[in-house]
Every structure is written in C-alpha cells, then in structure tokens.
1. Count, please, the residues in region A:41-51 that happen to be on the phi < 0 side of the Ramachandran plot, within 12 Å of chain B (Cβ to nearest Cβ) and in a loop (DSSP other than H, G, I, E, B).
2. Here are the criteria: (1) crowded, with 16+ Cβ neighbours inside 10 Å; (2) within 12 Å of another protein chain (Cβ to nearest Cβ); (3) more than 14 Å from the chain's Cα centre (by Cα). Tell me which single one A:PHE36 does not satisfy.
3. Filter region B:85-95 for residues that are at the interface with chain A (Cβ under 8 Å from one of its Cβ atoms) and either more than 17 Å from B:PRO117 (Cα to Cα) or outside any loop (DSSP other than H, G, I, E, B) (or both) and give the result.
4. Considering only residues that are within 17 Å of the chain's Cα centre (by Cα) and either in a strand (DSSP E or B) or not acidic (Asp, Glu) (or both), which ones fall in region B:27-45?
5. Residue check: is B:GLU209 farther than 16 Å from B:ALA18 by Cβ, without any contact (Cβ under 8 Å) to a residue 24 or more places away in the chain and out of contact with any Phe, Trp or Tyr (no Cβ under 9 Å at 6 or more places or on another chain)?
6. Taking region A:52-75 as the search range and keeping residues that are touching a Pro at 6+ places or on another chain (Cβ under 8 Å) and touching a residue at least 60 places away in the same chain (Cβ under 8 Å), which one is nearest to the other protein chains (Cβ to nearest Cβ)?
7. So which residues in region B:20-42 are of a type in the set (A, V, I, L, M, F, W, C) and closer than 26 Å to B:VAL57 by Cα?
8. Enumerate the pairs (first residue in region B:149-162 and polar (S, T, N, Q); second residue anywhere and surrounded by 22 or more Cβ atoms within 10 Å (Cβ to Cβ)) with beta-carbon separation below 8 Å, excluding pairs fewer than 6 apart on the same chain, so at least 6 apart or on different chains.
Amino acid sequence: MKIAISASSPSLDSEVNPRFGRCKMFIIANPESMDFETIDNAGESAGGGAGIATAQMITQKGVEAVITGNCGPNAHKVLTAAGIKIITGANGTVREAIEDYKSGKFSASDEPNVSDHFGMGGGRGHGKGGAI
Amino acid sequence: MIISVASGKGGTGKTMVATSFAFSLKNDFQVQLLDADVEEPNSHIFLKPVFDKTDEVSVTVPSVNKDRCNYCGTCAEVCAFNAIAVVKDVVLTFPELCHGCGACSYLCPRQAISEIPNRIGVVETGSAGKISFVQGKLGIGQTMPTPVVRKVKDYVNRKKIAIIDAAPGTSCPVIAAIKDSDFCLLVTEPTPFGLNDLKLAVETVRQLEVPCGLVLNRTGVGDSGVEEYCRKANIPILLTIPLDLNIARFYSEGITLAEGMPEWQKEFREVLQKIQEITGERNSST
C-alpha cells in the first residue's frame with residue numbers, strides 16, 4: 001500500500017507542498033515501512049490543465065491516497081475516477097502527514113476544496129485561454 | 001482596407017476612436033465596424049446597431065466511443081492542453097481546456113475519438129445606419145476568445161473600410177484581431193502607464209509587420225513621455241484629443257465624439273488620409 005504526498009524537496013522532512021497540480025514533486029511512500037521514492041511533477045510547468053496532468057500521472061503510480069494542501073475540481077475528478085482517496089488541508093512535514101494518515105487523523109474529502117487555478121499565484125486569469 | 005484599433009492599456013479610448021472613425025467616414029465611404037473585443041464588446045453602446053443575424057461559433061471537442069476505446073491513454077499523452085485524462089476504464093474530457101486541435105482524434109490507434117462541435121460564442125451582424133456592424137461575443141464560462149475573434153474577421157469586406165475594435169493588451173485575441181490589417185491605429189494616453197503599454201503594443205504590431213500610428217487621447221495632463229517615445233521610435237501621431245469636459249459628458253451619455261461634436265469628423269477623415277498616405281492604399285469614395 002502506497003500513498004502520494006505533494007512535497008517541496010525529496011525528503012520526509014520536506015514541508016507538504018500546499019498545491020497539488022503545481023507542486024514541485026511527490027513523495028510516494030509506504031506508510032508501514034516509511035520507504036519512499038520521489039517523482040518530479042511534470043504538471044508543475046503546464047500551461048493549463050496542470051491538475052489534470054498531475055492527477056493522470058499519479059493514477060499510474062498505484063497509490064491508494066493523495067495527501068496535499070489544496071485540490072481543485074479537475075484534479076479531483078480524475079483522482080476520484082481512479083478510486084484514489086484525496087486528503088486536503090495537510091501541512092507540516094511529509095513525515096508528520098504520513099504519521100497522521102496512519103493514525104487515521106485524516107478523512108478523505110469528497111469535493112474539491114479550492115476552485116480551478118487556485119494554485120497559480122500572480123492573479124487569476126493567468127494561463128487561461130492560452131496560446132491558440 | 002482593414003484598419004484595426006488597438007492599445008496596450010485598457011481604457012484609453014479605443015472604442016471611442018473606432019466608433020468616431022466609422023461615424024466620420026460613413027457618408028463618404030462604405031464602412032464596417034467589427035467589434036473584436038469579444039469578452040466585452042461595447043461599440044454597440046455608441047453606434048446603437050440593429051442586429052438581424054446571429055451565427056454560432058464552435059470549436060471541436062473530442063467525443064469518445066467507449067465500444068472502440070481500449071483505454072491505452074494515447075489521447076491523454078498527446079493532448080498539449082491536458083484536456084483528456086484516461087484512468088482505468090474511464091476517459092475524462094475537459095472541453096473548456098480543449099483547443100480543438102484534433103490531435104487526440106488523429107492519433108487514436110483505434111479511431112475511437114470523433115470531434116463534435118462545442119459552442120463557445122456568437123457573431124452578431126446588423127447595421128447602424130450606413131455602417132455595417134459586426135460583433136463577437138464569447139459565451140459565459142468559455143475561456144477561448146481567439147476563435148471568436150477569427151470568426152468576427154470572416155465578415156471583413158476588404159472593399160469597404162473595415163475598422164476592427166480590438167481588445168486591450170497584447171495577447172492572442174489581440175494578435176488575432178490585428179493580424180492581416182493594413183494599418184493599426186494605436187490609442188493611448190500621455191501617462192507613464194499609457195507609455196509602458198504602448199511600447200508593448202508597438203512591439204506586437206511590428207512583429208506582425210502591420211504599420212501603425214498613434215491617437216493620443218486626453219492630452220493636457222500627464223507627461224511628454226509618449227511623444228518623446230514616438231519621436232524616437234518613428235511612430236506618427238495622427239490625432240490628439242484633449243482631456244475635455246464636453247467629450248467626457250457625451251461619452252458618459254453613450255455618445256461618441258464624432259457624433260456629439262461633429263467638428264471632429266473632419267479630424268477623423270484626415271486620419272484616414274494620413275493612413276492612406278502611409279500605406280499607399282486608397283478606397284474610392286462612394
């Protein structure tokens with residue numbers, strides 16, 4: 001059993017990255033053994049649809065849950081279709097998030113907790129409509 | 001002849017200039033006004049056209065035939081806009097992100113994807129007295145103005161004087177509006193903000209190889225930065241409009257400059273002459 005946590009650096013002591021679609025990387029960890037691997041998030045630099053691209057990648061990693069800060073509607077839809085539990089509102093370190101997951105402190109969120117483009121920064125509208 | 005009216009900065013008086021220009025030429029030429037600011041078309045407020053036709057604007061989006069699909073994921077991989085995701089035995093499409101490029105359909109190894117139209121806006125046509133009037137409107141919730149701008153331009157009649165009112169800024173919908181114009185009239189104000197955005201607009205039109213000239217609006221305030229820049233960059237100032245209470249009063253009542261103060265019509269006709277001298281093109285009078 002594995003879970004994916006959005007992270008800022010490749011370590012269990014990394015802070016949980018608050019953004020799902022545009023986080024730097026994911027730590028894919030086995031909560032029992034605390035073994036983990038790190039994968040870069042190709043969606044970080046996507047022009048649009050970052051959440052979808054990131055979710056698509058995560059669905060191929062065989063995880064049962066995703067722990068992150070915020071998850072928008074499109075990513076939520078893709079992860080839900082794959083039967084992956086989504087836990088939002090996490091903060092602190094990746095290690096703490098895994099511990100909290102093991103102890104059952106989190107409950108899965110049935111709905112996206114932020115609107116689309118929430119994690120883009122620099123104002124709404126950026127990247128919308130795009131290059132056509 | 002196609003003359004686009006653009007500005008880097010918003011609120012500089014583009015629409016007032018475009019509509020006054022059309023209003024001033026309508027008795028001597030066949031004139032079209034095309035409002036290509038499709039996210040907020042408002043030339044109609046000045047010219048009060050009567051519309052007689054509405055055409056839909058669509059882009060194509062993928063439709064997946066589940067009987068043929070084997071969920072290989074190729075469509076999701078090739079989509080440059082992340083508008084398709086494939087998970088297990090579900091294909092999710094996100095039409096609002098789709099640019100209608102057709103790559104998913106073309107590259108699907110099982111021909112499981114067909115393209116269906118998705119309505120993103122409309123083009124309305126009609127007339128405002130002697131001026132033929134066209135405006136694009138982007139649908140609510142839609143994120144791609146550019147295809148609507150392109151559709152607006154399908155109505156351009158080069159035999160007439162086609163005045164295109166572009167959106168502010170220098171992004172794709174503005175480029176689509178200016179592209180292929182014979183001339184671009186840039187409108188700005190004599191402030192550091194007007195200058196900053198004018199420079200961006202000039203870079204854009206030069207990239208598009210469209211000759212340009214300036215209308216400097218609300219003169220009498222601000223600084224001389226715009227004029228100094230124009231001198232250095234060799235951009236002709238074709239018209240200056242002062243910051244004037246009467247102009248503002250007419251504007252506030254939805255009356256464009258050349259209608260409210262007819263003495264300005266001559267000024268706008270001279271702008272056309274100057275443009276014709278620069279481009280070497282002439283439209284014969286009616």
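1. Number satisfying all stated conditions: 3.
2. All conditions pass for A:PHE36, except number (2).
3. Within region B:85-95, B:ALA85, B:VAL86, B:VAL87, B:LYS88, B:VAL90, B:LEU92 meet the criteria.
4. B:VAL31, B:GLN32, B:LEU33, B:LEU34, B:ASP35, B:ALA36, B:VAL38, B:PRO41, B:ASN42, B:SER43, B:HIS44, B:ILE45
5. So B:GLU209 fits the description; yes.
6. A:THR68
7. B:ALA22, B:VAL31, B:LEU33, B:LEU34, B:ALA36, B:VAL38 - these are the residues of region B:20-42 that are of a type in the set (A, V, I, L, M, F, W, C) and closer than 26 Å to B:VAL57 by Cα.
8. B:ASN157/B:GLN32
The values are calculated or read from the model by the stated rules, or taken from the named source; none is laboratory data. Every value quoted in this text rests on a predicted model; they were computed, and no experiment measured them. Neighbour counts run over all protein chains shown; Cβ positions are idealised from the backbone, glycine included.
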